[in-house]
1. Positive end of the dipole of the chain, charges at C-beta (+1 Lys, Arg; -1 Asp, Glu), about the Cα centre: which of ALA152, TYR115, LEU130 has its Cα farthest in that direction?
2. Stokes-Einstein diffusion coefficient for the chain at 10 °C in a medium of 1.306 mPa s, Rh from the Kirkwood formula over Cα pairs: what value in µm²/s?
3. Tell me, what % of the accessible area of the range 147-193 is carbon and sulfur with a 1.4 angstrom probe?
4. At a probe radius of 1.4 Å, what is the per-residue accessible area of THR308, in Å² to the nearest 10?
5. If the cut-off is 26 Å between C-alpha atoms, which lysines fall inside it for LYS271, apart from same-chain ones fewer than 8 positions away?
6. With a 10 Å cut-off between alpha carbons and a GNM built on the chain, which of GLY303, GLY228, GLY272 moves the most?
7. With a 1.4 Å probe and all protein chains left in place, how much accessible area per residue does the chain have, in Å²?
8. Any chance you could get the radius of gyration and Dmax over the Cα atoms of the range 90-165, in Å?
Amino acid sequence: MTAQAQAQAPAAIDATRVAGFESRFVAALNEAAMLQLVSLAHRSGLLAHLADGEPVTSSELAAKTKLNERYVREWLGGATVAALVEHDPQTLTYRLPPEHAALLTDSGEANLAVYAQYLPLMGQVEDDVLECFHHGGGVPYTRYARFHEVMAEDSGQTVLPVLFDAILPLAPELPARLERGIDVLDLGCGRGLALMKLAERFPASRFTGYDLSREAIGWATERAARRGLSNLRFEERDLSDFDLTAPAQRYDLVTTFDAIHDQAHPLNLLKGVRRTLRQGGVYLAQDIHSSSHHHGDRDHPMGTLLYTLSIMHCMSVSLAQGGEGLGTMWGREKAREYFGKAGFGSIEVHQLPHDIQNDYWVLRP
Ligand SMILES: C[S@@+](CC[C@H](N)C(=O)[O-])C[C@H]1O[C@@H](n2cnc3c(N)ncnc32)[C@H](O)[C@@H]1O
(Lines give C-alpha, C1' and ligand atoms only; values in the text may rest on other atoms or scores of the structure.)
Protein backbone atom coordinates (compact mmCIF):
# COMPACT_ATOMS: atom_id res chain seq x y z
CA MET A 1 0.00 0.00 0.00
CA THR A 2 1.33 3.44 -0.87
CA ALA A 3 1.80 6.01 1.86
CA GLN A 4 -1.14 8.01 0.39
CA ALA A 5 -3.48 4.98 0.35
CA GLN A 6 -2.45 4.14 3.91
CA ALA A 7 -3.30 7.68 5.06
CA GLN A 8 -6.78 7.40 3.46
CA ALA A 9 -7.62 3.92 4.84
CA PRO A 10 -10.33 4.00 7.52
CA ALA A 11 -9.14 3.24 11.07
CA ALA A 12 -9.61 -0.42 11.96
CA ILE A 13 -12.82 -0.97 13.93
CA ASP A 14 -12.69 -3.04 17.09
CA ALA A 15 -15.84 -5.23 16.86
CA THR A 16 -15.86 -5.96 20.60
CA ARG A 17 -15.85 -2.26 21.34
CA VAL A 18 -18.73 -1.69 18.92
CA ALA A 19 -20.78 -4.44 20.58
CA GLY A 20 -19.99 -3.07 24.04
CA PHE A 21 -21.07 0.43 23.10
CA GLU A 22 -24.19 -0.89 21.39
CA SER A 23 -25.37 -2.70 24.51
CA ARG A 24 -24.56 0.32 26.65
CA PHE A 25 -26.60 2.49 24.27
CA VAL A 26 -29.64 0.18 24.29
CA ALA A 27 -29.47 0.02 28.09
CA ALA A 28 -29.31 3.82 28.18
CA LEU A 29 -32.45 4.08 26.01
CA ASN A 30 -34.30 1.88 28.46
CA GLU A 31 -32.99 3.64 31.54
CA ALA A 32 -33.82 7.08 30.10
CA ALA A 33 -37.34 5.83 29.37
CA MET A 34 -37.56 4.58 32.96
CA LEU A 35 -36.79 8.14 34.14
CA GLN A 36 -39.68 9.42 32.03
CA LEU A 37 -41.97 6.86 33.68
CA VAL A 38 -40.73 7.96 37.12
CA SER A 39 -41.25 11.64 36.33
CA LEU A 40 -44.84 10.98 35.23
CA ALA A 41 -45.52 8.88 38.30
CA HIS A 42 -44.01 11.47 40.65
CA ARG A 43 -46.09 14.29 39.17
CA SER A 44 -49.33 12.35 38.85
CA GLY A 45 -49.16 10.96 42.39
CA LEU A 46 -48.86 7.31 41.27
CA LEU A 47 -45.65 6.77 43.24
CA ALA A 48 -47.03 8.43 46.38
CA HIS A 49 -50.09 6.14 46.23
CA LEU A 50 -47.90 3.06 45.78
CA ALA A 51 -45.65 4.03 48.71
CA ASP A 52 -47.48 1.81 51.23
CA GLY A 53 -46.28 -1.30 49.36
CA GLU A 54 -49.78 -2.81 49.17
CA PRO A 55 -50.57 -4.80 46.00
CA VAL A 56 -53.16 -3.03 43.80
CA THR A 57 -54.86 -3.66 40.48
CA SER A 58 -54.77 -0.98 37.81
CA SER A 59 -58.44 -0.16 38.49
CA GLU A 60 -57.84 0.19 42.23
CA LEU A 61 -54.81 2.42 41.61
CA ALA A 62 -56.72 4.52 39.09
CA ALA A 63 -59.54 4.97 41.60
CA LYS A 64 -57.13 5.90 44.43
CA THR A 65 -55.26 8.44 42.30
CA LYS A 66 -58.33 9.63 40.33
CA LEU A 67 -56.37 8.99 37.12
CA ASN A 68 -57.45 7.45 33.83
CA GLU A 69 -57.31 3.63 34.13
CA ARG A 70 -56.01 3.02 30.60
CA TYR A 71 -53.02 5.30 31.22
CA VAL A 72 -52.42 3.85 34.68
CA ARG A 73 -52.45 0.30 33.24
CA GLU A 74 -49.97 1.22 30.49
CA TRP A 75 -47.71 2.88 33.07
CA LEU A 76 -47.86 -0.25 35.24
CA GLY A 77 -46.84 -2.28 32.18
CA GLY A 78 -43.80 -0.10 31.63
CA ALA A 79 -42.97 -0.04 35.33
CA THR A 80 -43.18 -3.86 35.41
CA VAL A 81 -40.73 -4.39 32.55
CA ALA A 82 -38.47 -1.67 33.98
CA ALA A 83 -38.54 -3.65 37.27
CA LEU A 84 -39.76 -0.57 39.09
CA VAL A 85 -42.80 -2.43 40.40
CA GLU A 86 -43.48 -6.12 41.00
CA HIS A 87 -46.38 -7.71 39.12
CA ASP A 88 -48.37 -10.80 40.07
CA PRO A 89 -49.99 -12.15 36.85
CA GLN A 90 -52.35 -14.41 38.89
CA THR A 91 -54.01 -11.60 40.83
CA LEU A 92 -53.27 -8.89 38.26
CA THR A 93 -51.80 -6.76 41.03
CA TYR A 94 -48.76 -4.50 41.18
CA ARG A 95 -46.68 -3.41 44.13
CA LEU A 96 -43.84 -0.98 44.74
CA PRO A 97 -41.18 -2.76 46.80
CA PRO A 98 -40.21 -0.89 50.01
CA GLU A 99 -36.62 -0.49 48.79
CA HIS A 100 -37.87 1.43 45.75
CA ALA A 101 -40.41 3.38 47.83
CA ALA A 102 -37.55 4.49 50.10
CA LEU A 103 -35.82 6.09 47.10
CA LEU A 104 -38.73 7.26 44.94
CA THR A 105 -41.26 8.63 47.44
CA ASP A 106 -41.19 10.88 50.48
CA SER A 107 -41.10 7.83 52.76
CA GLY A 108 -37.29 7.68 52.69
CA GLU A 109 -34.45 10.12 53.34
CA ALA A 110 -34.37 11.55 49.82
CA ASN A 111 -36.86 11.30 47.00
CA LEU A 112 -34.82 10.62 43.86
CA ALA A 113 -37.95 10.83 41.68
CA VAL A 114 -37.58 14.61 41.94
CA TYR A 115 -34.45 14.45 39.76
CA ALA A 116 -36.19 12.38 37.08
CA GLN A 117 -38.12 15.54 36.17
CA TYR A 118 -35.04 17.30 34.79
CA LEU A 119 -34.78 15.42 31.49
CA PRO A 120 -38.41 15.97 30.42
CA LEU A 121 -38.11 19.59 31.61
CA MET A 122 -35.02 20.14 29.46
CA GLY A 123 -36.64 18.32 26.53
CA GLN A 124 -39.18 21.17 26.38
CA VAL A 125 -36.48 23.54 25.10
CA GLU A 126 -34.61 21.23 22.73
CA ASP A 127 -35.69 23.22 19.64
CA ASP A 128 -34.58 26.49 21.27
CA VAL A 129 -31.19 25.03 22.23
CA LEU A 130 -30.70 23.56 18.76
CA GLU A 131 -31.29 27.01 17.31
CA CYS A 132 -28.54 28.33 19.63
CA PHE A 133 -26.12 25.69 18.29
CA HIS A 134 -26.63 27.28 14.84
CA HIS A 135 -26.81 30.94 15.72
CA GLY A 136 -25.50 31.38 19.28
CA GLY A 137 -27.49 33.25 21.91
CA GLY A 138 -29.36 31.58 24.75
CA VAL A 139 -32.72 30.42 26.08
CA PRO A 140 -34.56 32.75 28.49
CA TYR A 141 -36.02 31.52 31.77
CA THR A 142 -39.54 32.19 30.44
CA ARG A 143 -39.15 29.18 28.09
CA TYR A 144 -38.87 26.75 31.06
CA ALA A 145 -42.42 26.25 32.30
CA ARG A 146 -41.65 24.43 35.55
CA PHE A 147 -38.02 25.29 36.30
CA HIS A 148 -38.50 27.08 39.65
CA GLU A 149 -40.93 24.44 40.91
CA VAL A 150 -38.51 21.58 40.19
CA MET A 151 -35.51 23.54 41.45
CA ALA A 152 -37.26 24.17 44.77
CA GLU A 153 -38.01 20.45 45.06
CA ASP A 154 -34.33 19.72 44.30
CA SER A 155 -32.84 22.16 46.83
CA GLY A 156 -35.59 21.06 49.21
CA GLN A 157 -33.58 17.85 49.43
CA THR A 158 -29.96 18.98 49.17
CA VAL A 159 -30.22 22.11 51.34
CA LEU A 160 -33.22 22.12 53.66
CA PRO A 161 -32.79 18.84 55.60
CA VAL A 162 -29.14 19.60 56.48
CA LEU A 163 -29.26 23.38 56.76
CA PHE A 164 -28.94 23.55 60.55
CA ASP A 165 -26.92 20.43 61.26
CA ALA A 166 -24.39 20.42 58.42
CA ILE A 167 -24.37 23.61 56.32
CA LEU A 168 -24.45 26.42 58.91
CA PRO A 169 -21.85 24.77 61.19
CA LEU A 170 -19.33 24.93 58.30
CA ALA A 171 -18.81 28.44 59.70
CA PRO A 172 -18.85 27.46 63.40
CA GLU A 173 -19.79 30.91 64.73
CA LEU A 174 -22.97 31.15 62.64
CA PRO A 175 -25.63 29.36 64.72
CA ALA A 176 -24.91 31.52 67.80
CA ARG A 177 -24.71 34.75 65.77
CA LEU A 178 -28.01 33.93 64.06
CA GLU A 179 -29.60 33.32 67.46
CA ARG A 180 -28.44 36.75 68.65
CA GLY A 181 -29.60 38.51 65.47
CA ILE A 182 -27.75 39.34 62.24
CA ASP A 183 -28.53 40.49 58.68
CA VAL A 184 -28.62 37.72 56.09
CA LEU A 185 -28.84 37.93 52.28
CA ASP A 186 -29.54 35.02 49.90
CA LEU A 187 -28.76 35.74 46.23
CA GLY A 188 -30.48 33.88 43.39
CA CYS A 189 -32.86 32.65 46.09
CA GLY A 190 -35.43 31.13 43.69
CA ARG A 191 -38.57 30.22 45.65
CA GLY A 192 -36.77 31.08 48.89
CA LEU A 193 -37.40 27.92 50.94
CA ALA A 194 -33.96 28.04 52.61
CA LEU A 195 -34.55 31.61 53.79
CA MET A 196 -38.01 30.73 55.10
CA LYS A 197 -36.58 27.91 57.14
CA LEU A 198 -33.84 30.19 58.53
CA ALA A 199 -36.28 33.02 59.27
CA GLU A 200 -38.55 30.65 61.21
CA ARG A 201 -35.68 29.18 63.24
CA PHE A 202 -33.90 32.50 63.98
CA PRO A 203 -36.58 35.15 64.71
CA ALA A 204 -34.02 37.70 65.98
CA SER A 205 -32.24 37.80 62.59
CA ARG A 206 -33.36 39.66 59.46
CA PHE A 207 -33.41 37.94 56.05
CA THR A 208 -33.49 39.23 52.46
CA GLY A 209 -33.74 37.23 49.22
CA TYR A 210 -33.06 38.56 45.71
CA ASP A 211 -33.81 36.79 42.46
CA LEU A 212 -34.32 37.74 38.82
CA SER A 213 -37.50 35.69 38.50
CA ARG A 214 -40.79 37.51 39.11
CA GLU A 215 -42.58 34.17 39.31
CA ALA A 216 -40.21 32.77 41.96
CA ILE A 217 -40.21 35.98 44.02
CA GLY A 218 -44.01 36.21 43.83
CA TRP A 219 -44.33 32.61 45.04
CA ALA A 220 -41.82 33.18 47.86
CA THR A 221 -43.43 36.43 49.04
CA GLU A 222 -46.89 34.88 49.14
CA ARG A 223 -45.65 31.75 50.95
CA ALA A 224 -43.64 33.75 53.53
CA ALA A 225 -46.71 35.89 54.29
CA ARG A 226 -48.81 32.75 54.75
CA ARG A 227 -46.21 31.45 57.21
CA GLY A 228 -46.37 34.78 59.09
CA LEU A 229 -42.67 35.56 58.64
CA SER A 230 -42.17 39.27 59.32
CA ASN A 231 -38.33 39.09 59.51
CA LEU A 232 -38.04 38.12 55.83
CA ARG A 233 -38.44 40.02 52.56
CA PHE A 234 -38.00 39.04 48.92
CA GLU A 235 -37.23 41.33 46.00
CA GLU A 236 -37.13 40.79 42.26
CA ARG A 237 -33.68 41.99 41.26
CA ASP A 238 -31.17 41.49 38.43
CA LEU A 239 -27.81 40.89 40.08
CA SER A 240 -25.75 41.43 36.92
CA ASP A 241 -24.31 44.69 38.26
CA PHE A 242 -24.26 43.76 41.92
CA ASP A 243 -20.59 44.84 42.08
CA LEU A 244 -21.91 48.42 41.72
CA THR A 245 -25.35 48.19 43.34
CA ALA A 246 -24.62 46.11 46.46
CA PRO A 247 -24.98 48.23 49.58
CA ALA A 248 -21.56 48.52 51.26
CA GLN A 249 -21.12 46.59 54.52
CA ARG A 250 -24.80 45.82 54.97
CA TYR A 251 -24.88 42.05 55.71
CA ASP A 252 -23.21 39.65 58.16
CA LEU A 253 -23.99 36.49 56.21
CA VAL A 254 -24.48 36.06 52.46
CA THR A 255 -25.53 32.75 50.92
CA THR A 256 -25.90 31.40 47.39
CA PHE A 257 -27.37 27.97 46.81
CA ASP A 258 -26.56 26.57 43.37
CA ALA A 259 -26.78 30.11 42.01
CA ILE A 260 -23.35 31.36 40.87
CA HIS A 261 -22.80 29.32 37.74
CA ASP A 262 -25.98 30.40 35.95
CA GLN A 263 -25.66 34.10 36.67
CA ALA A 264 -25.20 36.44 33.72
CA HIS A 265 -22.12 38.03 35.31
CA PRO A 266 -20.99 35.82 38.18
CA LEU A 267 -17.84 37.79 39.00
CA ASN A 268 -19.90 40.99 39.39
CA LEU A 269 -22.19 39.16 41.81
CA LEU A 270 -19.20 37.86 43.79
CA LYS A 271 -17.62 41.32 43.98
CA GLY A 272 -20.96 42.61 45.28
CA VAL A 273 -21.01 39.90 47.95
CA ARG A 274 -17.56 40.98 49.09
CA ARG A 275 -18.64 44.62 49.13
CA THR A 276 -21.83 44.04 51.10
CA LEU A 277 -20.24 41.89 53.81
CA ARG A 278 -19.58 43.60 57.12
CA GLN A 279 -16.34 43.10 58.99
CA GLY A 280 -16.34 39.58 60.41
CA GLY A 281 -18.95 38.55 57.84
CA VAL A 282 -19.05 35.24 56.04
CA TYR A 283 -20.21 34.06 52.62
CA LEU A 284 -21.50 30.46 52.28
CA ALA A 285 -21.76 29.20 48.70
CA GLN A 286 -23.12 25.87 47.55
CA ASP A 287 -22.22 25.19 43.94
CA ILE A 288 -21.65 22.24 41.63
CA HIS A 289 -18.75 19.91 42.48
CA SER A 290 -16.57 19.48 39.44
CA SER A 291 -13.14 20.05 38.00
CA SER A 292 -12.63 22.98 35.64
CA HIS A 293 -11.10 20.56 33.12
CA HIS A 294 -13.18 18.12 31.06
CA HIS A 295 -10.72 15.28 31.52
CA GLY A 296 -10.86 15.81 35.30
CA ASP A 297 -14.55 14.84 35.36
CA ARG A 298 -14.39 11.51 33.54
CA ASP A 299 -15.13 9.74 36.85
CA HIS A 300 -17.65 12.30 38.09
CA PRO A 301 -20.69 10.33 39.35
CA MET A 302 -23.11 12.74 37.63
CA GLY A 303 -20.87 14.33 35.01
CA THR A 304 -22.87 13.48 31.89
CA LEU A 305 -26.11 14.67 33.47
CA LEU A 306 -24.56 17.92 34.68
CA TYR A 307 -22.94 18.79 31.34
CA THR A 308 -26.28 18.09 29.66
CA LEU A 309 -28.12 20.31 32.14
CA SER A 310 -25.53 22.99 31.45
CA ILE A 311 -26.30 22.99 27.72
CA MET A 312 -30.04 22.64 28.19
CA HIS A 313 -30.32 25.22 30.98
CA CYS A 314 -27.53 26.77 33.09
CA MET A 315 -25.13 27.98 30.39
CA SER A 316 -27.99 28.90 28.07
CA VAL A 317 -30.00 31.01 30.56
CA SER A 318 -26.86 33.00 31.29
CA LEU A 319 -26.14 33.52 27.57
CA ALA A 320 -29.76 34.58 27.04
CA GLN A 321 -29.10 37.49 29.45
CA GLY A 322 -26.07 38.54 27.37
CA GLY A 323 -24.02 36.87 30.10
CA GLU A 324 -20.77 34.94 30.07
CA GLY A 325 -22.31 31.45 30.07
CA LEU A 326 -19.99 30.04 32.71
CA GLY A 327 -21.65 26.61 32.62
CA THR A 328 -22.70 24.20 35.35
CA MET A 329 -19.30 22.49 35.39
CA TRP A 330 -17.20 25.65 35.90
CA GLY A 331 -15.35 23.71 38.56
CA ARG A 332 -13.22 24.22 41.62
CA GLU A 333 -10.17 25.76 39.94
CA LYS A 334 -12.21 28.48 38.25
CA ALA A 335 -14.29 29.00 41.40
CA ARG A 336 -11.11 29.64 43.40
CA GLU A 337 -9.93 32.08 40.74
CA TYR A 338 -13.26 33.98 40.80
CA PHE A 339 -13.48 34.06 44.61
CA GLY A 340 -9.90 35.38 44.74
CA LYS A 341 -10.62 38.06 42.10
CA ALA A 342 -13.71 39.11 44.04
CA GLY A 343 -11.49 39.84 47.05
CA PHE A 344 -11.94 36.85 49.35
CA GLY A 345 -8.75 36.13 51.29
CA SER A 346 -9.91 32.98 53.08
CA ILE A 347 -11.33 30.27 50.83
CA GLU A 348 -12.31 26.85 52.22
CA VAL A 349 -14.11 24.11 50.35
CA HIS A 350 -16.02 21.15 51.83
CA GLN A 351 -18.09 18.23 50.63
CA LEU A 352 -21.00 16.94 52.66
CA PRO A 353 -21.78 13.23 52.77
CA HIS A 354 -25.45 13.61 51.72
CA ASP A 355 -24.65 15.55 48.55
CA ILE A 356 -22.45 14.15 45.76
CA GLN A 357 -23.46 16.97 43.43
CA ASN A 358 -22.21 20.05 45.27
CA ASP A 359 -19.25 21.69 46.95
CA TYR A 360 -19.79 23.91 49.99
CA TRP A 361 -17.52 26.97 50.13
CA VAL A 362 -16.85 29.11 53.20
CA LEU A 363 -15.45 32.48 52.19
CA ARG A 364 -14.21 35.35 54.27
CA PRO A 365 -12.72 38.72 53.30
C1 LIG B 1 -30.26 27.10 39.99
S2 LIG B 1 -31.35 28.31 40.57
C3 LIG B 1 -31.17 28.20 42.35
C4 LIG B 1 -32.36 28.74 43.10
C5 LIG B 1 -32.29 28.58 44.62
N6 LIG B 1 -31.12 29.18 45.19
C7 LIG B 1 -32.39 27.13 45.02
O8 LIG B 1 -31.39 26.56 45.45
O9 LIG B 1 -33.48 26.57 44.92
C10 LIG B 1 -30.48 29.81 40.17
C11 LIG B 1 -31.26 31.07 40.44
O12 LIG B 1 -30.49 32.20 39.98
C13 LIG B 1 -31.40 33.17 39.49
N14 LIG B 1 -30.72 34.08 38.56
C15 LIG B 1 -30.20 33.80 37.35
N16 LIG B 1 -29.70 34.91 36.78
C17 LIG B 1 -29.92 35.94 37.65
C18 LIG B 1 -29.64 37.33 37.64
N19 LIG B 1 -29.06 37.91 36.59
N20 LIG B 1 -30.00 38.07 38.72
C21 LIG B 1 -30.61 37.48 39.78
N22 LIG B 1 -30.90 36.17 39.85
C23 LIG B 1 -30.57 35.39 38.80
C24 LIG B 1 -32.48 32.33 38.80
O25 LIG B 1 -33.70 33.02 38.63
C26 LIG B 1 -32.59 31.12 39.72
O27 LIG B 1 -33.63 31.26 40.66
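1. Positive-end residue among those listed: ALA152.
2. This corresponds to a translational diffusion coefficient of 69 µm²/s.
3. Answer for the range 147-193 is 55 percent, counting heavy atoms of protein chains only.
4. 60
5. LYS334, LYS341
6. Per the Cα network of the chain with a 10 Å cutoff, GLY228 tops the list.
7. On the way: 18320 Å² over 365 residues.
Accessible area per residue: 50 Å².
8. Both quantities, over Cα of the range 90-165: 17.6, 57 Å.
The values are calculated or read from the model by the stated rules, or taken from the named source; none is laboratory data. Since this is a predicted model, take the numbers as computed values, not measurements. Heads up, the Cβs are rebuilt from the backbone with ideal geometry, glycines too, and the neighbour counts pull from every protein chain shown. Please note that ligands, DNA and RNA were not included when accessible areas were found on the heavy atoms of the full protein model with its side chains. Shrake-Rupley method; radii C 1.70, N 1.55, O 1.52, S 1.80 Å.
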